[in-house]
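Working notes, structure below.
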Amino acid sequence: MMSNRQFNVPLKRLPQTAGVVAFIVAASVLPACTTEGTEPITEEPVSTETVEAENAQVGEITDALERYEGTLVTVREEISDVVGEYAFLLDEDDFFGGEELLVINASGTPIEIPADPGVAVQVTGVVRELMIADINEEFDVDLDPDLFVDYEQQPVIVAESAALSPDPAEAASDPEQYYGQRLAIVGDIETTLSSNSFLLDEDAFFGGEDLLVISPDGTVSTNADDEVAITGVLRPYIAADFEQEYELGWDLDFQEQIEAEYNQEPVFVADSIYPADDE
């Protein structure tokens, strides 16, 4: 079992978002129209706008800050290094070397970074031009100017959500380092087992272990070979615990089949499933 490093992230100014969608609420407070001005202030109904994050690549952001500045983006890439207590670098997956992008984790949730290099992370946040003084003031932190001097005025993602994003085979073959953590996993649906369970595989030349996915909250409206992105928590399958915690609607034969094949094996309990955009 590999040891993990806890990535301490006390930045908490931005609200934490679930998955890859951020919700922006604009409230307008207007006084009532009266001639004497003595009526109490009334509030207009709160309007809610859903803003979907734009999928982007590291190189696209580093090459075009003007295009992405102020944009909510989602990036999935490998971690190349940790910078201080609050930040890490994403390295563009490129055999000939690639760009690096700084991410400041403002989700308020620590990330357990495995000692094994090359594990991917999925982050969603707003692209900014890094101004150390502005970040320190806005989030009431103390980024070391000497440590971040090379990133000043460079693109940075201020992450509202961040989760490790191993391949399905990585989560299935070495689950201990991921148990209990919130993950974001991308893969292809190999086989649909029931209305709320399926096997997830990675699109790889050399194959790998399939990962059992269970979606307790609803029917899985996907087909075999669909590429999907899933957020949830990895845990070992213990039949008694799952029967007590979830209403899965499985018949006895299927329950016994799953218990026989997956007892104490890793299972990814999904809370959201959505199509993965082609890169």
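Throughout, read-outs are computed from the coordinates displayed, never taken from laboratory work. Model, not experiment: these values are computed from the prediction. Cβ placement follows ideal geometry from the backbone for every residue including glycine, while neighbour counts extend to all protein chains displayed.
Some values worked out for this structure:
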| item | result |
| --- | --- |
| Other-chain or far-sequence residues with amide H under 5 Å of GLU99's (modelled H) | GLU92 |
| Long-range HN-HN contacts of ASN55 with modeled amide H, under 5 Å | THR74 |
| Among TYR237, PRO168, GLN181 the positive-end extreme of the charge dipole of the stretch 166-277 (Cβ point charges) | GLN181 |
| Lys, Arg +1 and Asp, Glu -1 on Cβ, resulting dipole of the stretch 171-279 about Cα centre, debye, nearest 20 | 360 debye |
